[in-house]
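**Student:** Provided herewith is a single structure, encoded as structure tokens, for subsequent inquiry.
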Amino acid sequence: MTSRPVSPCVVLLLVSWLGACSSGGQTPTPNPSRAPGVAQLQLDTVVVEPGAPAPMRCTASDPDGDAVAYVFDWGGSTSLVTSPEVPSGTTSGVVATFEREGTFQVRCRAVDAHGTAGEWSASVTLTVRDATPAGTWELQVRVVGKGRVTSTPVGVDCSEACDARFATGTRMTVEAEPAEGWRLLGMTPCQGAARSCELVIDRDSFVTALFAPETDATLSWQRSGARLPGAPQWSPDGTRLTALDGTSSRGPLRIWDARSGAVTRMIFAPADALFVGLAWMPESNTLAAGLSTGRVVLLDAVTGATLRTWAVQSGAVEALAWSPDGTRLATATNASKEVHVWNAATGERDGAPLTAVDRVRALTWSPDGSWLAMEAGRWGGAFSQWVEFHGVGTRGLEELLEIPGGFAWSPDGTRFAVGFEGEVRVYLTAGYRLESTYKGDWGRAALVEWSANGRWLAVGDPMRKLFVLDAATGTVLVDASQTPPTGTATGYDALSFHPTEPRFAVVDDLPSSVLDVFTMDVDKGTVVRGELLAHDLSVESVAWSPTGAMLASSGGEGKVQLWGPGGEWLRTLPRPGAKRVRALGWSADGTRLASGGDDGLVHLWNAADGTLAQLPISQSPATLVIDHVGLSPDGTLLATAASSPGAATERGVIRVFRVGTGAEVFRFPEGERRVLSLQWTPQGKLVAAFVDVGWSIWDPTTREVSTVPAHGADLFRSAALSPDGTRLVLGNNVGLFVREVATGSLVMSATTSIWPLSLAWSPDGRRFVGGTLAGQVLVWDTARFESPADVIGFHERGVAAVSWRSAENLIATGGGDVAVRVWRFAP
């Protein structure tokens, strides 16, 4: 949008009004003038077309008879627009031009010759829209990130924003194509990550395509992830560990560094499929993954590239197994009793299918490659399961053993172990004769796994009892049993031994996600458990320490994790009760960390050793949950904002406590507004922003609260205070607005096609980062605010937390995909 030029005199007038000039470095004389009266706004029309002139006029009288200029604000420009100076009581105005459609709240006020501003006029709604040709509707397309949206029939072809009109009843297909090195996150109104879908134009419609760079381009490191993990697989050299994500929204296959626990690679399934099975090729970096669409895909575990894919049969390919020499791949689906063997080099069938008695749940080759063990089962009043032995190259069933538990070959193939109630039985492969029975303090041995060195047998039951036995004698060497989640009776879903070391991995998907690695000391009979999934359910908050030495993250499972700048795990700060931790806040020197959450308690931690710095501070009433915490710059005060989720009104309760004693120092007057952000200025004032754009400022010296009123009726979802404490950025589904903290004046604004869930400023105050509901991570530059934001990364779900590191351009994010990610931003 544009407006008529402003004269240099008026610019000097506004500079004087803002108090930015003085004479000879001396303190200016206090302004003796009285403020002009309340302004009255006049618009010739409240509906204009894009590009058409929109005259705006304003009138106000000055009590001292001074000349006045009128300042106009409509929430859509990067600066205030000012009329020429006129005598008091005289009407003057500007002519604005709006290039795009939208709705704007226009207001004006008078500023006298001394720079004294009067009150704003009442707002008037101005609508900018095209005159609609009869029988047509408008389609608006917005592209966020690097990609292109086209349509068939032709009419849409844009990489940023475009609008077109179509006749009623037009059927069209819109298609999104990411730029090289980018991926499509989603396009509304298409479902999921589909690249195209059909629209019927029978009303004004919107299409928004969201793109993000591939993670390798900007990702520094990541931890956690995997909401419903399954099928743990070690790489042949034992340096990496991979697992499936069992969510129904294209959960990626993740690969972890086995030592550090950092996620080194994420591989996404095709847009129309899910990963449902997994097997690592022997002595190779190739992974075989089964898809929900009845296909197999071979993947390069280092680059994530697809090497080969082919169709298997109908159903989901849930069971896969490599032959010991890596030349053949066996597959089974959930829709057939057939097991197929494939030539891995060509994707062609190798021999006739093998037919099981019923659908196969798991496949295992004998170490010599001559047999396939098929774990199968069915419902018949009660669930029964068994293991079938088939000679590869024959169609006939050689042997069937009914087993209630797990199955495992010995590394040399001469024996196999099966699980029963309270015991494990070891059979000789030749003749399928029982050799030994090992009894122990476990229930049904649902998990049985033989170590690669042949020395150990792992046994697990549905109550998370977990033992490692001497495979030759059945003697218990290590008790790795864990207490199951409260109120549940669920064991681990799968177990996998490390190929060369005394370690094993276990996974569980419900009621909480688990991917743990146990390291054994067999001689001492001890075990150490390490967690690869730092958080469960969601990542609620991330916060860099002011020095940049540590990153704190908190999650829905109730833990607070501390990380080094490179992603190394430092320590866990446990909170009893395992309730969600929503808020984190560092002291100015980075030595202490405050946390708060759904238990209504505020904890203050010593970051160096993870101990409590003082007793927890409780809220009253106890039903309140902590949404925000913040330590004052001098570290003597701790502010909290609490609410009652689910109540008819989520009013915010803001309190300030004395650090050390926990005594309440001040409580804000209670209102009916939810708190969006709670932050201290460098000068030690507390700023609380609310959903309706208003905010309150508390001065600890005077104990007074000043309120800056809301501007407009829109509700906001996110807010962040600038590092110098002078500006607030606020975001909603309409756009982003930067306002002065002291006055509420609009500094700049921009319309957006996204809804930021979280916002944080860069340390220099020039940029800010936002996380969106769709999972994008974007950076806006206030020096070019009207330009599209830079998309630097993404999550598979909404990004609820963002934080910008002070020392470098490293941005931490966390979201609903349970991942903590750190991105490199190159201005």
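**Student:** Need one number: nm distance between label points at residue 613 and residue 490, each 7 Å from Cα along Cα→Cβ, rounded to one decimal.
**Tutor:** In this crude spin-label approximation the distance works out to 3.7 nm.
**Student:** Between residue 519 and residue 433, what is the FRET efficiency for a Förster distance of 30 Å, r being their Cβ-Cβ separation, to the nearest 0.05?
**Tutor:** For R0 = 30 Å, the calculated efficiency reads 0.25.
**Student:** Hey, another quick one. Calculate one ³J(HN,Hα) per residue across segment 280-291 by plugging θ = phi - 60° into the Karplus curve 6.51 cos²θ - 1.76 cosθ + 1.60, and present them in order as whole Hz with x for glycine and proline.
**Tutor:** For segment 280-291, the Karplus curve yields 9, 5, x, 6, 7, 9, 9, 10, 9, 10, x, 10 Hz.
**Student:** So what is the relative contact order of segment 226-402, in percent, for Cα pairs below 8 Å that sit 6 or more residues apart?
**Tutor:** Relative CO of segment 226-402 lands at 11 percent.
**Student:** Quote the charge dipole size of the chain about the Cα centre in Debye, to the nearest 20; the model charges only the Cβ of Lys and Arg (+1) and of Asp and Glu (-1).
**Tutor:** Dipole size: approximately 600 debye.
**Student:** When only Cα pairs under 8 Å and 6 or more residues apart are kept, what is the percent relative contact order across segment 539-824? Kindly include the intermediate steps, with their values, before the conclusion.
**Tutor:** Details: 818 pairs, mean separation 33.6, N = 286.
Once normalised by length, the contact order is 12 percent.
**Student:** Dipole size in debye (nearest 20) for segment 681-827 around its Cα centre, Lys and Arg Cβ +1, Asp and Glu Cβ -1?
**Tutor:** In total the dipole reaches around 180 debye.
**Student:** Sticking with this one: Can you match Kirkwood radius over Cα pairs in Å to one of these, [x] 30.4; [y] 36.8; [z] 31.5, based on a calculation from the structure here?
**Tutor:** Checked against the structure: label [x].
**Student:** Sticking with this structure for a sec: Looking at segment 728-827, which chymotrypsin sites (Phe, Trp or Tyr not before Pro) are DSSP coil and have at most 16 other C-beta atoms within 10 Å of their C-beta?
**Tutor:** Listed in order of number, the matching sites are 785.
**Student:** Another question about this same structure. Using amide H atoms built in the peptide plane, which far-off residues or other-chain residues are under 5 Å from residue 225 H to H?
**Tutor:** Answer set, sorted by chain and number: 534, 535, 819, 820.
**Student:** Additional query: Straight-line reach only, C-alpha to C-alpha below 30 angstrom: list the lysines that residue 337 could link to, leaving out same-chain residues fewer than 8 apart.
**Tutor:** List returned: none.
**Student:** Now for a separate question. Along Cα→Cβ, 7 Å out, is where each label goes; now give me the distance between the ones at residue 100 and residue 755 in nm to one decimal.
**Tutor:** Result for the modelled spin labels: 1.9 nm.
**Student:** For the chain, with the dipole built from +1 on Lys and Arg beta-carbon atoms and -1 on Asp and Glu ones, taken about the Cα centre, which of 668, 512, 369 lies farthest toward the positive end?
**Tutor:** Projecting each Cα onto the dipole axis, the largest value belongs to 668.
**Student:** Before rounding to the nearest 500, sum -39500 (n - 2.57) across all DSSP H runs of length at least 4 in the chain and divide by the residue total; then give [θ] at 222 nm in deg cm²/dmol.
**Tutor:** Theoretical 222 nm ellipticity from helices: -500 deg cm²/dmol.
**Student:** Moving to a separate point now. For the residues 158, 108, what sequence is obtained by ranking on other C-beta atoms within 10 Å, fewest first?
**Tutor:** Details: 158 17, 108 31.
Ranked by crowding around the Cβ, least crowded first: 158, 108.
**Student:** Which trypsin sites (Lys or Arg not before Pro) does segment 724-791 hold that lie in a coil by DSSP with at most 15 other beta carbons within 10 Å?
**Tutor:** 766
**Student:** Moving on to the next point. Once fully extended, how much extra length lies between residue 125 and residue 683, figured as 0.36 nm per residue of separation less the alpha-carbon to alpha-carbon distance?
**Tutor:** 197.1 nm
**Student:** Further question on the same structure: Quick one: order 58, 162 by neighbouring beta-carbon count within 10 Å, fewest to most.
**Tutor:** 162, 58
**Student:** Follow-up. In percent, how large is the relative contact order of the chain, given Cα pairs closer than 8 Å and 6 or more residues apart?
**Tutor:** 7 percent.
**Student:** Which of the lysines could be linked to residue 559 by a straight reach, that is with a Cα gap under 29 Å, when you skip same-chain ones fewer than 8 residues away?
**Tutor:** 465, 579
**Student:** Then there's this: Are there GluC sites (Glu not before Pro) in segment 166-272 that DSSP marks as loop and that have at most 14 other Cβ atoms within 10 Å, and which are they?
**Tutor:** 180
**Student:** Quick one: putting +1 on the C-beta of Lys and Arg, -1 on the C-beta of Asp and Glu, what dipole do you get for segment 539-824 around its Cα centre, in Debye to the nearest 20?
**Tutor:** So the dipole magnitude of segment 539-824 works out to roughly 200 debye.
**Student:** Quick one: if the Förster radius is 45 Å, what FRET efficiency do residue 452 and residue 271 give, using the C-beta to C-beta distance and rounding to 0.05?
**Tutor:** Calculated transfer efficiency: 0.75.
**Student:** Could you work out how much longer the chain between residue 500 and residue 547 gets when fully extended? Use 0.36 nm per residue separation minus the Cα distance between them, nm to one decimal.
**Tutor:** That works out to 12.9 nm of additional length.
**Student:** Cut-off is 10 Å between beta-carbons; in what order do 509, 157 appear when sorted fewest neighbours first?
**Tutor:** Taking fewest neighbouring Cβ atoms as first place, the list is 157, 509.
None of the figures in this text is laboratory data; all of them are computed from the coordinates on show. This is a predicted model, so every value here is computed, not measured. Heads up, the Cβs are rebuilt from the backbone with ideal geometry, glycines too, and the neighbour counts pull from every protein chain shown.
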